[in-house]
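The values are calculated or read from the model by the stated rules, or taken from the named source; none is laboratory data. No experiment lies behind these values; they were computed from the predicted model shown. Cβ sites come from the backbone with ideal geometry, for glycine too, and all protein chains shown count toward neighbours.
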């Protein structure tokens with residue numbers, strides 16, 4: 001989401017968004033030594049001590065139900081010197097719902113985050129409390145904000161987080177699938193080799209995988225996942241989480257593709273079970289006999305050769321020993337008295 005591209009505050013000029021009546025130029029370090037100290041990519045700039053008390057506060061916001069905005073989030077947003085947000089119009093509605101008037105808002109979205117970095121770092125270095133929100137959930141998780149966090153942290157300044165709703169964790173917990181180990185893939189590439197590679201990675205991933213998808217592409221992605229992972233892989237499709245029409249469909253990928261063929265509405269999260277354990281890989285007797293031959297040709301006694309081959313191939317020692325005995329009898333030699341069994 002790109003927001004409105006503007007920097008608004010109830011009719012006040014954009015310059016007010018990062019200062020207390022200071023010109024906009026101060027916000028990005030034009031003529032202000034303290035501001036310049038953390039901007040423009042100058043390595044020496046980071047040696048300048050920041051003003052005390054400044055921090056970038058990453059704030060989680062509701063993913064659908066406004067009642068999920070925490071009291072701590074309200075407090076931080078109400079007392080921040082400036083709030084950077086994905087869409088100023090959306091965030092102003094959230095602040096109005098929480099009874100927070102008059103907080104300066106600045107846009108920070110996918111198209112302008114790079115241009116905002118110096119400005120954000122300078123504001124924190126000057127001692128300001130800078131809040132960062134996205135339209136829904138946690139900033140920086142498939143949303144803008146990761147670059148801003150990295151820039152402030154790289155400048156040696158304070159970054160803290162007010163935890164909040166997360167579509168990733170909400171869908172994972174509601175899925176009924178394993179939660180002890182999981183990974184998040186975000187949105188899959190739409191097409192091409194990158195998409196094929198990511199699908200192949202999901203297919204062999206042993207952990208539960210969480211993905212985001214747009215409603216109009218959900219059916220196609222489920223079909224692609226069924227083809228890559230097999231139609232019997234368990235999956236949960238969560239949509240409209242925390243909202244009035246919340247739904248979590250649970251079943252298998254083949255069935256899910258059919259279920260979604262009629263269309264899916266709302267924000268969608270897919271939770272795919274991890275790849276099943278393939279078990280030990282079968283090793284042919286011929287492979288073990290060849291390995292034994294290599295060991296004995298190098299001078300190893302039967303016991304040592306059996307131990308080494310069994311360990312290298314992950315098979316039972318007794319099986320390798322019996323093959324060694326069979327090979328000796330075939331060659332006309334008797335068994336090695338020192339070989340022994342398990």
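Here are a few things to note about the model shown:
- Restricting 122, 136 to residues that are over 30 Å from residue 247 (Cβ atoms), crowded, with 17+ Cβ neighbours inside 10 Å, assigned by TED's automatic domain parsing to the domain that holds residue 56 and touching a residue at least 40 places away in the same chain (Cβ under 8 Å) narrows the list to 122.
- In the stretch 188-199, the residues that are in contact (Cβ under 8 Å) with a residue 24 or more places away in the chain and within 15 Å of the chain's Cα centre (by Cα): 188
- The set of residues in the stretch 200-216 being within 16 Å of the chain's Cα centre (by Cα), without any contact (Cβ under 8 Å) to a residue 60 or more places away in the chain and part of a helix (DSSP H, G or I) consists of 201 alone.
- Residue 250 being in the same structural domain as residue 173 (by TED's automatic domain parsing), over 21 Å from the mean Cα position of the chain (by Cα) and touching a residue at least 40 places away in the same chain (Cβ under 8 Å): yes
- Residue check, residue 264 crowded, with 17+ Cβ neighbours inside 10 Å and at pLDDT 95 or above: no
- Strands (runs of 3 or more DSSP E) contained in the stretch 72-187 and holding at least 3 residues more than 20 Å from the chain's Cα centre (by Cα) and at pLDDT below 95: none
- Matching residues in the stretch 254-275 - criterion: being within 22 Å of the chain's Cα centre (by Cα) and farther than 17 Å from residue 216 by Cα: 271, 272, 273, 274, 275
- The residues of the stretch 277-329 that are under 30 Å from residue 207 (Cβ atoms) and exposed (fewer than 15 other Cβ atoms within 10 Å of the Cβ), listed by number, are 277, 278, 279, 280, 281, 282, 311, 312, 314, 316.
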